[in-house]
1. Here are some conditions: (1) β-branched (Val, Ile, Thr); (2) within 17 Å of Asp237 (Cα to Cα); (3) modelled with pLDDT of 95 or more. Ile279 meets all but one. Which one does it not meet?
2. Kindly evaluate Ala206 against the criterion of being without any contact (Cβ under 8 Å) to a residue 12 or more places away in the chain, aliphatic (A, V, I, L, M) and open to solvent by less than 70 Å² (accessible area, probe 1.4 Å).
3. I'd like to check something: does segment 176-188 contain any residue that is within 21 Å of Gln233 (Cα to Cα) and among the polar types (S, T, N, Q)?
4. Take the residues of segment 294-308 that are more than 19 Å from Gln233 (Cβ to Cβ) and assigned to a helix (DSSP H, G or I): which is least open to solvent (accessible area, probe 1.4 Å)?
5. Checking Pro251 against (1) open to solvent by 30 Å² or more (accessible area, probe 1.4 Å); (2) of a type outside the set (Ser, Thr, Tyr); (3) at pLDDT 95 or above, which test does it fail?
6. Looking only at residues that are assigned to a helix (DSSP H, G or I), more than 25 Å from the chain's Cα centre (by Cα) and not acidic (Asp, Glu) in segment 270-288, which one is surrounded by the fewest Cβ atoms within 10 Å (Cβ to Cβ)?
Amino acid sequence: RFHHASASHLCSCSKTVSDEKYQDPFQLGRKDLKNLYEDIKKELLISAAELKEMCDYYFDGKGKAFRPMIVVLMARACNIHHNNSREGAATTSLGNLCQCLTTLTVKYSFLISSLNLPLPLVLEQRWRITSLAVLAGDFILSAASVALARIGNTTIVSVLTQVIEDLVRGEFLQLGSKENENERFAHYLEKTFKKTASLIANSCKAVSILGCPDPKVHEIAYQYGKNVGIAFQLIDDVLDFTSCADHLGKPAAADLKLGLATGPVLFACRQFPEMNALIMRRFSKPGDVERARRYVLQSDGVQQTTYLAQRYCHAATREISKLRPSPEREALIQLTEMVLMRDK
C-alpha cells in the first residue's frame with residue numbers, strides 16, 4: 001500500500017534521519033514476516049469452500065503487511081532499549097495476530113458498507129454477501145482468539161481485546177454524525193482512532209509489554225502506534241480525493257458514496273458552509289457526491305488534512321525518539337515518512 005520512495009525523495013518529517021542512518025523497514029522486518037501469511041493459513045483450518053476462498057483472498061500475501069511490520073520493529077526497538085537484544089518473546093505470534101485483526105477491520109467495514117448497497121441488488125444476494133462476511137469475520141476472530149490465548153499473558157489479552165471493542169464502537173460512530181462543527185471533527189478523529197489506530201497502538205503496546213517491564217516504554221509504544229495509525233487514515237482519506245480509481249484500487253469518492261464526511265470534507269466545510277446540509281443528509285440526494293467532491297477540490301481541505309497527518313507523524317517521531325538508538329528505531333521513524341508519501 002506504499003509508494004516506495006528512496007530516502008533522498010522522502011519528505012522530512014524527521015530531520016534526525018540522515019541518508020547514512022536510513023533504514024528500510026521492509027528489509028529489516030522481512031525475515032520475521034517471511035512466513036506471515038502461510039502461518040496464518042495454518043491457523044485457519046477451513047473445510048467450507050466459500051469461507052476458504054474468502055480467507056485465501058484476504059491472506060494472499062500480496063500486501064506490504066504494514067501493521068505486522070510495525071509490531072516486529074517495535075518489539076525489537078523495545079527489546080534493544082531494555083536489554084540490548086533484538087530477540088523477544090512471542091513477537092511472531094503477535095505479528096500474525098495483528099494481521100488477523102487487521103483483516104477483521106476490513107471484513108466488518110465491508111459488512112457495514114454492503115448494508116448500504118443500492119438496489120436493484122436483490123435481498124437474497126445482499127443476505128448472502130453479508131452472511132459470508134459475518135461468518136468469515138467470526139471465523140478469523142476465533143482463530144485470533146486461540147492465537148491470543150496461546151501467548152498466555154493476561155495483560156496482553158486485556159490490551160488486545162480492547163482492539164475488538166474499539167472496532168465495534170468505531171463502526172457505530174461511523175453510522176452517526178454531529179451537527180456542531182467542532183463536535184463533528186472530534187467525532188471523526190475518535191472514529192478514526194477506534195477503527196484504524198487502536199489496532200496499531202495496542203499491538204505496539206502489547207509487544208512492548210513482552211519486551212520491557214518499564215510502563216514508560218509501554219506508553220511510548222502506544223503513543224507511537226496511535227499517532228501513526230491516525231496519520232495513516234488521514235492520508236487514506238486524502239487519497240480518496242487525489243488518486244484515480246484504478247491506482248487506488250477502489251472507486252473515486254468512495255467515502256462520499258458511503259455517506260462519510262472525512263477530513264478533507266470537514267475542512268472544506270469551513271470554506272463552503274453550504275456543505276453542512278449535504279453532510280447531515282449523508283450525501284444521499286442525486287448530485288450530492290459530485291457537488292461535495294467539487295467543493296473539496298476547490299478548497300484547501302486536502303492540504304489541511306495532509307498537514308494534520310504531518311502533525312501526527314511528528315508526534316509519533318517524538319515518542320519513538322525517546323527509545324535508545326537502534327536500526328529498528330530509525331526504521332520506525334522512516335515509516336512515519338513513508339505513511340505521508342504513499343500514493344495508494
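1. Status for Ile279: all satisfied but (3).
2. Details: without any contact (Cβ under 8 Å) to a residue 12 or more places away in the chain: no; aliphatic (A, V, I, L, M): yes; open to solvent by less than 70 Å² (accessible area, probe 1.4 Å): yes.
It is false that Ala206 is without any contact (Cβ under 8 Å) to a residue 12 or more places away in the chain, aliphatic (A, V, I, L, M) and open to solvent by less than 70 Å² (accessible area, probe 1.4 Å).
3. yes
4. This residue is Tyr295.
5. Among (1) open to solvent by 30 Å² or more (accessible area, probe 1.4 Å); (2) of a type outside the set (Ser, Thr, Tyr); (3) at pLDDT 95 or above, Pro251 violates only (3).
6. Ala277
The values are calculated or read from the model by the stated rules, or taken from the named source; none is laboratory data. A quick note: this is a predicted structure, and the numbers were derived from the prediction, not measured. Virtual Cβ from ideal backbone geometry, glycine too; neighbours counted across all protein chains shown. Ligands, DNA and RNA are stripped out before the accessible areas are found, and what is left, the full protein with its side chains, is counted by its heavy atoms. Shrake-Rupley method; radii C 1.70, N 1.55, O 1.52, S 1.80 Å.
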